[in-house]
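Novice: A single structure is presented below for examination.
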Amino acid sequence: MHDERWDRLTRAADVLRSRLEVSPAVAITLGSGLSDGFGVPTGGTRIPCGEIPGFPVPTVAGHSGEFWSGRIGRVPVLLQRGRVHFYEGRTMEEVTFATRLFALLGVKTLIVTNASGAIRPDLHAGDLVLITDHINMLAANPLYGPNLDPLGPRFPDMSAAYTPRLRTLAREAAAAEKIDLKEGVYVATLGPSYETPAEIRAFRAMGADLVGMSTVPEVIAAAHAGMEVLGISLATNLAAGVDPNAALSHDEVIETTKRKGAEMRRLLLSILSRLSQ
Ligand code: HPA
C-alpha cells in the first residue's frame, strides 16, 4: 500500500543516515531545557533538524532542534536535542517523526527524558523519576489512521512499554552514582495550560504520579516499532494544588531544569555505560 507518511519518513531517514557519524544503537530524546543540561558531547557530528527534509523544527524556546551523532563511551548514540509537542499545533505524525526515524535507522533502544509536575506527595521538585508506565490523556494516539505496516502491528502491546530490563539497569546506574531515583506513572495532558488542582486530584485518583505534556506519543510510536524504551523524568515543580499556597510557572520549570540538568546527565551517562557492558 502506498502511504505518503512512509515516503516522508524514508526520504528523511536517507538524508539523516548519510549524515551520521556512526550507525546508532541508542537514541536519546532530551526534553525541555534538558538539552542544555546534557550539552553537546565532544567529537561527533551535529545535524540541524532543518537540514532533514520533512522534519518538524521545534518552535519552543529552550529546544534547539538538532541531532548529534557519535559515540558516548562505546555506545553509538543519536541525540535528539529538542522535540516538538502536540500543544504546538503539530500533528501526531510530526510529534513522532523523530522516533520513527530512529526505528528506520535501526535504533533498538530509546531513552526519553522530560520535565514534569510531581503529583504524588512524597515527590519533590528536583527529583529524578524513573517512568514505570503512562496514562494517555492527550485524547490522541500517533497510531490513529491506517497502520504503517512496515513499522509495526495494528494493535501493539503496551503492557511492558517501559522495558523492565532497562528499568533495572537504570536503578543500578542510579545506585552506583548515589542518585536517589524515584519511580512513578506519568500522565500526559495536552497543555499548554498547566492543570487545575481538581484535574491533579483526578489524575492522582487514576494512579498518576507525574504530569507532563510530552513523551507518551513517542513511547507509543517506539513500542509500535518494537523499540525498547527507558523514560526518565525530572520533576521540576509540584503539580497544581499539591502545595495549596504555590502558583505554577514556566520559570520554575526552567530553574529546576538548570539546577538538576547535570545530575540527569550523570545518570544518563551511567546508564549508557551499563548498556554497553
Ligand atoms: N504540568 C504539566 N507539564 C509540566 C509540568 C506540570 O506541572 N511541569 C513541567 N511540565
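Novice: Do any GluC sites (Glu not before Pro) in region 144-249 lie in a DSSP loop with no more than 16 other beta carbon atoms within 10 Å, and if so, which?
Specialist: Qualifying residues, ordered by number: Glu177.
Novice: Name the aspartates and glutamates eligible as straight-distance cross-link partners of Lys182: C-alpha to C-alpha under 16 Å, and not fewer than 8 places from it in the same chain.
Specialist: Straight-line reach from Lys182, under 16 Å: Asp122, Asp127, Asp133, Glu172, Asp209, Glu263.
Novice: Right, next: If amide hydrogens are placed 1.01 Å from N in the peptide plane, which non-local residues have theirs closer than 5 Å to the one on Ala240?
Specialist: Excluding prolines and chain starts, which carry no amide H, the hits are Glu195.
Novice: Ordered by residue, what ³J(HN,Hα) values in Hz, to whole numbers, does region 143-148 give under the Karplus form 6.51 cos²θ - 1.76 cosθ + 1.60, where θ = phi - 60° and Gly and Pro are x?
Specialist: Those phi angles translate into 8, 4, x, x, 5, 8 Hz.
Novice: While we're looking at this one, here's another question. Which value in deg cm²/dmol, rounded to the nearest 500, describes the helix-derived mean residue ellipticity at 222 nm for the chain, given -39,500 (n - 2.57) per DSSP H run of n ≥ 4 and division by the residue count? Please report the intermediate quantities before stating the final value.
Specialist: Values: 8 runs with 91 residues, N = 277.
The helix contribution divided over the chain gives -10000 deg cm²/dmol.
Novice: Additional query: Can you sort Tyr194, Tyr162, Tyr144 by how many other beta carbons sit within 10 Å, fewest first?
Specialist: Values: Tyr194 19, Tyr162 22, Tyr144 9.
By the 10 Å Cβ count, ascending: Tyr144, Tyr194, Tyr162.
Novice: Highest first, please rank the peptides 48-55, 109-116 by the mean number of other Cβ atoms sitting within 10 Å of their residues.
Specialist: On the way: 48-55: 16.2, 109-116: 26.0.
By packing density, highest mean first, the sequence is 109-116, 48-55.
Novice: How many angstrom separate the Cα center of region 211-277 from the Cα center of region 98-159?
Specialist: 12
Novice: DSSP loop trypsin sites (Lys or Arg not before Pro) in region 84-183 with at most 11 other Cβ atoms within 10 Å of their Cβ, which ones?
Specialist: Arg154, Lys178
Novice: Can you work out ³J(HN,Hα) from phi for every residue in region 178-187, in order, using Karplus 6.51 cos²θ - 1.76 cosθ + 1.60 and θ = phi - 60°, giving whole Hz and x for Gly and Pro?
Specialist: 6, 9, 7, 8, 7, 9, x, 8, 9, 9
Novice: Explain nothing, just compute: Karplus ³J(HN,Hα) = 6.51 cos²θ - 1.76 cosθ + 1.60, θ = phi - 60°, for every residue of region 266-275 in order, whole Hz, x for Gly and Pro.
Specialist: 4, 5, 4, 5, 5, 5, 4, 5, 6, 5
Novice: About the Cα centre of the chain, what is the dipole size in debye to 20, counting +1 per Lys and Arg Cβ and -1 per Asp and Glu Cβ, all else neutral?
Specialist: Values: 28 positive and 30 negative charges, 157 e Å.
In total the dipole reaches around 760 debye.
Novice: Once you've got the GNM for the chain with C-alpha springs shorter than 10 Å, pick whichever of Gly231, Gly261, Gly43 has the biggest mean-square fluctuation.
Specialist: Checking each option, the largest mean-square fluctuation is seen for Gly43.
Novice: Please list, by residue number, everything in region 216-254 whose backbone N is under 17 Å from a paramagnetic label point 7 Å out along Cα→Cβ of Thr168.
Specialist: 228-231
Novice: Using amide H atoms built in the peptide plane, which far-off residues or other-chain residues are under 5 Å from Gly31 H to H?
Specialist: For Gly31, the qualifying residues are Thr113, Asn114.
We did not get these values from a lab; they are worked out from the coordinates using the rules stated. Computed from a predicted structure; not experimentally measured. Glycine gets a Cβ as well: all are built from the backbone with ideal geometry, and neighbour counts include every protein chain shown.
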